[in-house]
1. Do we find that Ala59 is surrounded by 10 or more Cβ atoms within 10 Å (Cβ to Cβ), without any contact (Cβ under 8 Å) to a residue 24 or more places away in the chain and hydrophobic (A, V, I, L, M, F, W, C) in this structure?
2. For segment 20-43, enumerate the residues that are among the hydrophobic types (A, V, I, L, M, F, W, C), surrounded by 13 or more Cβ atoms within 10 Å (Cβ to Cβ) and under 24 Å from the mean Cα position of the chain (by Cα).
Amino acid sequence: MRSSKPITVTLGSQQKSLEGRLQSGAYSSASEVIRAALRALDREEVAIDEIMRLKIREAIDDPGSDIDADMVFERLERLHAERMKAEDGGT
């Protein structure tokens with residue numbers, strides 16, 4: 001018994017990509033192309049999740065000192081004021 005069910009998918013501009021893969025002989029059906037694309041997406045998401053975990057761990061483990069939030073906001077406000085002044089012609 002089949003564990004999946006047929007679906008209808010509108011590909012839009014990706015239709016040409018699917019057709020090119022079928023014409024090249026790399027895949028024998030649209031279903032194969034879609035399954036391969038979903039496997040690639042799954043691999044990409046796993047890789048991105050791992051990179052994010054590593055980046056978060058690096059940030060947590062960073063021995064550098066924290067920046068005071070008030071200092072950050074003061075810098076942002078000063079930068080914003082300078083940009084607004086420049087846009088107004090320096091007046």
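FYI, it's all coordinate maths here, none of it is from the lab. For clarity, every value in this text was computed on a predicted model and none was experimentally measured. Heads up, the Cβs are rebuilt from the backbone with ideal geometry, glycines too, and the neighbour counts pull from every protein chain shown.
1. No, not satisfied.
2. Val33, Ile34, Ala36, Ala37
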